[in-house]
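The values are calculated or read from the model by the stated rules, or taken from the named source; none is laboratory data. Because the structure is predicted, anything quoted here is derived from the model rather than measured. Neighbour counts run over all protein chains shown; Cβ positions are idealised from the backbone, glycine included.
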Amino acid sequence: MPYLNSILSGPRRWRSNVSLSPERVREDVAEVLSAPAADIPEDEDLLDHGLDSIRVMTLVERWREAGVDTTFEELAERPTLSEWYRLIGERQETAR
């Protein structure tokens, strides 16, 4: 009864553990903002570029699926690419 056991054990979280490079982070942000990656400055507040709570949550979930544990609050408190690079890099180092 593998199927029944999988139901009873609850949802599984699949993680790909893909390294999130600064380029990938920038591309993910560009995608949720529907903007060219080159147009997103590293040290400017992304809220000023159209980032909202729904888009932040989209990034949180995407990066969690890639194996990086982060939260909405962490990203919202420091909404710049440079801060996110640092945070994600630290999390990836801790996970190794």
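For residues that are in contact with a Phe, Trp or Tyr (Cβ under 9 Å, 6 or more places away or on another chain) and surrounded by 14 or more Cβ atoms within 10 Å (Cβ to Cβ), scanning just segment 45-62, find the one that is nearest to Ala95 (Cα to Cα). Before you say what the answer is, go through the steps one by one.
Filtering segment 45-62 for residues in contact with a Phe, Trp or Tyr (Cβ under 9 Å, 6 or more places away or on another chain) gives 46, 53, 56-57, 59-60.
Pick out the ones that are also surrounded by 14 or more Cβ atoms within 10 Å (Cβ to Cβ) and you get 46, 56-57, 59-60.
Details: Leu46: 27, Val56: 22, Met57: 21, Leu59: 19, Val60: 16 Å.
Looking at residues that are in contact with a Phe, Trp or Tyr (Cβ under 9 Å, 6 or more places away or on another chain) and surrounded by 14 or more Cβ atoms within 10 Å (Cβ to Cβ), I get Val60.
Kindly indicate whether any position in segment 31-44 is within 12 Å of the chain's Cα centre (by Cα) and crowded, with 16+ Cβ neighbours inside 10 Å.
Looking for residues that are within 12 Å of the chain's Cα centre (by Cα) and crowded, with 16+ Cβ neighbours inside 10 Å, one finds at least one in segment 31-44, hence yes.
All but one of (1) touching a residue at least 24 places away in the same chain (Cβ under 8 Å); (2) surrounded by 12 or more Cβ atoms within 10 Å (Cβ to Cβ) hold for Phe72, so report the exception by its number.
Phe72 satisfies every listed condition except (1).
Name the pairs whose Cβ atoms lie under 8 Å apart, with the first residue in segment 47-59 and without any contact (Cβ under 8 Å) to a residue 24 or more places away in the chain and under 10 Å from Pro79 (Cα atoms), the second aromatic (Phe, Trp, Tyr) and surrounded by 12 or more Cβ atoms within 10 Å (Cβ to Cβ), and 6 or more positions between them or separate chains?
If the second residue must be aromatic (Phe, Trp, Tyr) and surrounded by 12 or more Cβ atoms within 10 Å (Cβ to Cβ), the pairs left are Val56/Phe72.
Checking Pro11 against (1) at pLDDT 95 or above; (2) farther than 15 Å from Thr80 by Cα; (3) over 17 Å from the mean Cα position of the chain (by Cα): exactly one of these is not met. Which one?
Unmet for Pro11, out of (1) at pLDDT 95 or above; (2) farther than 15 Å from Thr80 by Cα; (3) over 17 Å from the mean Cα position of the chain (by Cα): (1).
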